[in-house]
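Novice: Below: one structure in structure tokens.
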Amino acid sequence: SELNDFEPASKFKIVIDQAKAPRYLLYDVNPGEGFNLRRDVYMRIAILARNLNVDSPWILVLPPWSRLYHWKSRDLGSQERISWSAFFDLHSLRRFVPVMEFDEFLKISQEQIIDEVYYLQHYEEGWDKWEEKMDIRPCLQKPYHLDVKSKLWHGWFYGYGDEVAARKFECMSVMGHAGVLKPFLMTNTTARSVMLDRAETVLHDRFGDSEFWEVRRSMRFSKELRRIADDFRMFQLDSTDEQDMTMLEDDWTQMKRKPGDAIGGPYLAVHLRRADFAKVREKDVPSIKHAAKQLKKMCKKMELQKIFVATDATSEEFAELKGNLKDFSVYRYEPTLEIKKKIKDGGVAIIDQWICAHARYFIGTRESTFSFRIQDEREILGFNPDTTFNRLCHEKDKTCEQPTRWTIKY
Ligand SMILES: C[C@@H]1O[C@H](OP(=O)(O)OP(=O)(O)OC[C@H]2O[C@@H](n3cnc4c(=O)[nH]c(N)nc43)[C@H](O)[C@@H]2O)[C@@H](O)[C@H](O)[C@@H]1O
């Protein structure tokens, strides 16, 4: 069944004892976090799940996407309980670790009950010396509540709170990497299903090593979203994989590129992060006018005439940008309402990222995880890092330090 769907590539020998029923690892993230930070948390937990699988079978249950703060469109119907397959290619994810959708898990669990929930938190007393540790502690917050009658714990559960409950709930103070939780999960609990809430509390085991890049490579976008983005590239931007040298191997484990293998389409792409970011990180986000100036300069240098803009800017801000780039053709991906209803705000953002990932030259916004994920994608495709690790600068930022080059490792 679900285990058979998982096709470990020979490279990743995961010992699955078919006689032993799998256990289920669930997780959730701080409600305020955006989509691309959540993708990073997935990577940390997927590596944990994979390490658990070295000893016994575990399936990672994917947290449905519900009510993300940045998904503001009100004309699309519900943006709740969206499954991972709407955005990602599950087949690709499963080449790294066994995963299943939450709906599938509910079908299997029958009772709609998660055995144990651990709410990760920091140490109340803070810390003087960094050490890897975890302890069951009193809760610093009260995100779940006990129903005295049924003895079940209730909470948000990805927006399924009316239907799903937990048998046991505890808070766990933790400091360190996701891997710190493995001994606990292996020996301190025998529960069939365990959920880690606030999973962003734990860090990457090793940031930027080849395993980090394996899980990153496994996070391919859904075929449907890639197709829409590729059509836009072809019809609007004269960009095709053959010409741009950005062909994808069907199986990511078989894909290995050198920097400079990819050329990219004949356009410059920018991720112009505005909205809340422009307020929270005022010092990093330039005025529209100053952004336009930087784009102009780079287009001239690269001899590019077309500019693709991925942005969460208002239409007024976008019009202002265009007004400042009169000598260039400026594009933004704007789906029809019919398509938007199907792919939702999350799908539009992914299409923006995929188009940026294929540009001859990319400029991002400082410290935005949305820009970071585009940079990773370009590393996977084999772009020269010079064309990828660039950012817009605020007019007052004279040094304008460029992003750290997190280059791919195989
Ligand atoms: C201020 C902080 O910013 C952090 O965001 P940051 O890293 O940029 O990136 P994300 O975590 O992805 O959150 C930003 C969200 O805003 C939308 N968005 C941003 N840029 C674009 C774009 O170019 N095109 C489209 N279509 N949508 C965009 C999209 O929904 C995206 O997931 C958040 O994770 C934190 O929660 C916090 O809000």
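The values are calculated or read from the model by the stated rules, or taken from the named source; none is laboratory data. Remember, it's a predicted structure, so these values are computed and weren't measured experimentally. Heads up, the Cβs are rebuilt from the backbone with ideal geometry, glycines too, and the neighbour counts pull from every protein chain shown. All accessible areas refer to the heavy atoms of the entire protein, side chains included, with ligands and DNA or RNA removed. Shrake-Rupley method; radii C 1.70, N 1.55, O 1.52, S 1.80 Å.
Novice: Looking at region 295-314 only, could you name the residues that are touching a residue at least 12 places away in the same chain (Cβ under 8 Å) and in a helix (DSSP H, G or I)?
Specialist: Just the residues of region 295-314 that are touching a residue at least 12 places away in the same chain (Cβ under 8 Å), to begin with: 295-296, 298-299, 302, 304-314.
Selection gives Leu295, Lys296, Met298, Cys299, Met302.
Novice: Right, another one. Residues of region 311-352 being touching an Asp or Glu at 6+ places or on another chain (Cβ under 7 Å) and open to solvent by less than 50 Å² (accessible area, probe 1.4 Å), which ones? I'd like the intermediate steps shown before the answer.
Specialist: Residues of region 311-352 that are touching an Asp or Glu at 6+ places or on another chain (Cβ under 7 Å), as a first pass: 333, 337.
Scanning region 311-352 gives a single hit, Tyr333.
Novice: Looking at Leu325, Leu337, Leu304, which one is more than 9 Å from the ligand (Cβ to nearest atom) and under 14 Å from Ala291 (Cβ atoms)? Reasoning before the result, please.
Specialist: Values: Leu337 fails: under 14 Å from Ala291 (Cβ atoms); Leu304 fails: under 14 Å from Ala291 (Cβ atoms).
Going through Leu325, Leu337, Leu304 in turn, the sole match is Leu325.
Novice: Would you mind stating whether Ile350 is under 28 Å from Ser210 (Cα atoms) and either near the ligand (Cβ under 10 Å from one of its atoms) or of a type in the set (Ser, Thr, Tyr) (or both)?
Specialist: Numbers: under 28 Å from Ser210 (Cα atoms): yes; either near the ligand (Cβ under 10 Å from one of its atoms) or of a type in the set (Ser, Thr, Tyr) (or both): yes.
Judged against the criteria, Ile350 is a match.
Novice: Also, quick follow-up: Just give me the residues in region 178-197 being open to solvent by 50 Å² or more (accessible area, probe 1.4 Å) and in contact (Cβ under 8 Å) with a residue 40 or more places away in the chain, in sequence order. Reasoning before the result, please.
Specialist: Residues of region 178-197 that are open to solvent by 50 Å² or more (accessible area, probe 1.4 Å), as a first pass: 183, 186-188, 190, 192.
Across region 178-197, the qualifying residues are Met186, Arg192.
Novice: Among Asp128, Asp135, Asp147, which is touching a His at 6+ places or on another chain (Cβ under 7 Å) and of a type in the set (D, E, K, R)? Before you say what the answer is, go through the steps one by one.
Specialist: Details: Asp128 fails: touching a His at 6+ places or on another chain (Cβ under 7 Å); Asp135 fails: touching a His at 6+ places or on another chain (Cβ under 7 Å).
Exactly one of Asp128, Asp135, Asp147 is touching a His at 6+ places or on another chain (Cβ under 7 Å) and of a type in the set (D, E, K, R), namely Asp147.
Novice: Could you say whether any residue in region 57-70 is more than 16 Å from the ligand (Cβ to nearest atom) and over 21 Å from Tyr160 (Cα atoms)?
Specialist: yes
Novice: Restricting the search to region 303-315, which residues are farther than 11 Å from Phe328 by Cβ and over 30 Å from the mean Cα position of the chain (by Cα)?
Specialist: Glu303
Novice: If only one of Ile355, Ile408, Ile363, Ile374 is part of a helix (DSSP H, G or I), farther than 19 Å from Gly34 by Cα, among the hydrophobic types (A, V, I, L, M, F, W, C) and open to solvent by less than 50 Å² (accessible area, probe 1.4 Å), which one is it?
Specialist: Values: Ile408 fails: part of a helix (DSSP H, G or I); Ile363 fails: part of a helix (DSSP H, G or I); Ile374 fails: farther than 19 Å from Gly34 by Cα.
The match here is Ile355.
Novice: Please determine whether any residue of region 284-303 is at pLDDT 95 or above, under 25 Å from Val348 (Cβ atoms), charged (D, E, K, R) and open to solvent by less than 40 Å² (accessible area, probe 1.4 Å).
Specialist: No.
Novice: Based on what the data block shows, is Phe383 of a type in the set (Phe, Trp, Tyr) and within 13 Å of the ligand (Cβ to nearest atom)? Give the derivation first.
Specialist: Values: of a type in the set (Phe, Trp, Tyr): yes; within 13 Å of the ligand (Cβ to nearest atom): no.
No: the conditions fail for Phe383.
Novice: Another question about this same structure. Report yes if some residue within region 219-233 is among the basic types (Lys, Arg), within 18 Å of the chain's Cα centre (by Cα) and more than 24 Å from Leu90 (Cβ to Cβ); otherwise report no.
Specialist: Taking region 219-233 as the starting set, the residues that turn out to be among the basic types (Lys, Arg) are 220, 223, 226-227, 233.
Next, from what is left, pick out any that are within 18 Å of the chain's Cα centre (by Cα): 220, 223, 226.
Among the residues that remain, those that are also more than 24 Å from Leu90 (Cβ to Cβ) are: none.
No: zero hits.
Novice: Please pick out the residue among Asn30, Asn36, Asn4 that is polar (S, T, N, Q), closer than 29 Å to Thr187 by Cα and modelled with pLDDT of 95 or more. Break it down stepwise before answering.
Specialist: Details: Asn36 fails: closer than 29 Å to Thr187 by Cα; Asn4 fails: modelled with pLDDT of 95 or more.
Testing whether each residue is polar (S, T, N, Q), closer than 29 Å to Thr187 by Cα and modelled with pLDDT of 95 or more leaves just Asn30.
Novice: Hey, among the residues in region 20-41 that are among the basic types (Lys, Arg) and open to solvent by 10 Å² or more (accessible area, probe 1.4 Å), which one's nearest to the ligand (Cβ to nearest atom)?
Specialist: The initial filter retains those residues of region 20-41 that are among the basic types (Lys, Arg), namely 20, 23, 38-39.
Then drop every residue that is not open to solvent by 10 Å² or more (accessible area, probe 1.4 Å), which leaves 20, 23, 38.
Details: Lys20: 37, Arg23: 30, Arg38: 7 Å.
For region 20-41, the residue satisfying everything is Arg38.
Novice: In region 248-268, which residue that is within 21 Å of the chain's Cα centre (by Cα) and of a type in the set (A, V, I, L, M, F, W, C) is nearest to Arg227 (Cα to Cα)?
Specialist: Leu248
Novice: Does region 236-251 hold any residues that are in a loop (DSSP other than H, G, I, E, B) and open to solvent by less than 90 Å² (accessible area, probe 1.4 Å), and which are they?
Specialist: Matches in region 236-251: Asp238, Ser239, Thr240, Thr246, Leu248, Glu249, Asp251.
Novice: Where in region 75-161 are the strands (runs of 3 or more DSSP E), entirely inside, with at least 1 residues that are crowded, with 16+ Cβ neighbours inside 10 Å? So that I can check it myself, show each step before the final result.
Specialist: Values: elements: 99-101, 113-121, 133-137, 145-147, 152-154.
The qualifying strands (runs of 3 or more DSSP E) are 99-101, 113-121, 133-137, 152-154.
One line per residue, one yes/no per condition, for (1) among the aromatic types (Phe, Trp, Tyr); (2) away from the ligand (no atom under 16 Å from the Cβ); (3) assigned to a helix (DSSP H, G or I):
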| residue | (1), (2), (3) |
| --- | --- |
| Thr187 | no, yes, yes |
| Asp205 | no, yes, no |
| Phe212 | yes, yes, yes |
| Arg217 | no, yes, yes |
| Thr253 | no, yes, yes |
| Lys258 | no, yes, no |
| Ala278 | no, no, yes |
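Novice: Kindly evaluate Val270 against the criterion of being within 14 Å of the ligand (Cβ to nearest atom), part of a loop (DSSP other than H, G, I, E, B) and modelled with pLDDT of 95 or more. Explain how you work it out, then say what you get.
Specialist: On the way: within 14 Å of the ligand (Cβ to nearest atom): yes; part of a loop (DSSP other than H, G, I, E, B): no; modelled with pLDDT of 95 or more: yes.
In short, no.
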